[in-house]
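J.: Submitted below is the structure of interest, expressed as structure tokens.
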Amino acid sequence: MIVDTPPIECYVKKSHLSGEPRFESEDKMVFAVLVGIRFIRNRSPLFITYIPSVGAVYDKVNQNAIFNKSILSYDGSIDLDDVAWWDCLSTNWQLIEMKFLKYAEIEMITRNGEERKGIYLFTCDPQEPQHGNDYGEAEVWHEHKTKTFFFDYETGVLCCTPNNKMRVWSSSLTPKQRDDGSWLRVYRDEPELMSHEENQFLGDTERFDYGE
């Protein structure tokens, strides 16, 4: 499924557009406009960009190729695991811009424990299937995760975080010293409330909380 995004000016690594993707910062950048996201179950979202210089709409761009900077200077490489937490749980999604989060600072903890920060862009939410049966996890309470997007301050890369791996800084509401959030839990809804951490199911994972 494809959903429209707000038209967002960005830069895409030329190597990812020419069939020889590179992940280090030494790469030419092409000015583009983000126009849509393609959601395919069981893989990371793919992005649709318009490239004004050649008048092309380029489909299926990987997230770690999209930046808000024309010159990159980060160390090492940026892989998909560094910018995106979850694969798509459905082929049916909706995109919303939460008014409360507009201009708020988003903080994400990556899979390897690093912190990334940026200004909120928009949120995507998996929906039930439009046709037929979907045996995926979009309608499973404890697996249902929204995806919130922002550009990382430091590297400029487009980041995506699930709702339970991010924190939001509201200039009018958030205190300077925030409480520890590790007591918050993700629960399944039926037949009774049950926490991932307490019951160790679905991969025996302990990484479903809001802790750092």
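Readers should treat all values here as calculations from the given coordinates under stated rules, not as data from a laboratory. Please read these numbers as outputs of a predicted model, since none were measured by experiment. Cβ placement follows ideal geometry from the backbone for every residue including glycine, while neighbour counts extend to all protein chains displayed.
J.: Restricting attention to region 38-123, which chymotrypsin sites (Phe, Trp or Tyr not before Pro) occupy a DSSP loop and are surrounded by at most 12 other Cβ atoms within 10 Å? Mind dumping the intermediate values first?
T.: Numbers: sites: F39, F47, Y50, Y58, F67, Y74, W85, W86, W93, F100, Y103, Y120, F122; in loops: F39, Y74, W85, W86, Y103.
Loop-located and lightly packed - Y103.
J.: While we're on this one: What dipole magnitude, in Debye to the nearest 20, does region 2-178 give about its Cα centre under +1 on Lys/Arg Cβ and -1 on Asp/Glu Cβ?
T.: Details: 20 positive and 25 negative charges, 76 e Å.
In total the dipole reaches around 360 debye.
J.: Separate question: Using the Kirkwood radius over C-alpha pairs as Rh, can you work out the diffusion coefficient of region 2-178 via Stokes-Einstein at 25 °C, viscosity 0.890 mPa s, in µm² per second?
T.: Numbers: Rh = 16.8 Å.
The Stokes-Einstein estimate is 146 µm²/s.
J.: Excluding same-chain residues fewer than 8 positions from K13, which lysines have a Cα within less than 18 Å of its Cα?
T.: K28, K60, K69
J.: What lysines sit close enough to K176 to cross-link, taking a C-alpha to C-alpha distance under 18 Å and skipping anything fewer than 8 places away on the same chain?
T.: List returned: K117.
J.: Here's a follow-up. Using the Cα centre of region 2-178 as origin and beta-carbon charges of +1 (Lys, Arg) and -1 (Asp, Glu), tell me which of S171, V12, S25 is placed farthest towards the positive end of the dipole.
T.: Looking along the dipole axis, the top candidate is S171.
J.: Just want the ordering: V157, V168, from fewest to most Cβ atoms lying within 10 Å of their own Cβ.
T.: So the residues, fewest neighbours to most, are V168, V157.
J.: Follow-up. Sorted from fewest to most neighbouring beta carbons within 10 Å, what does the list R41, R111 look like? The partial results should precede the final answer.
T.: Values: R41 17, R111 14.
By the 10 Å Cβ count, ascending: R111, R41.
J.: Something else: Could you check the spin-label model distance between D79 and I96? Points 7 Å from the Cα along Cα→Cβ, value in nm.
T.: 3.4 nm
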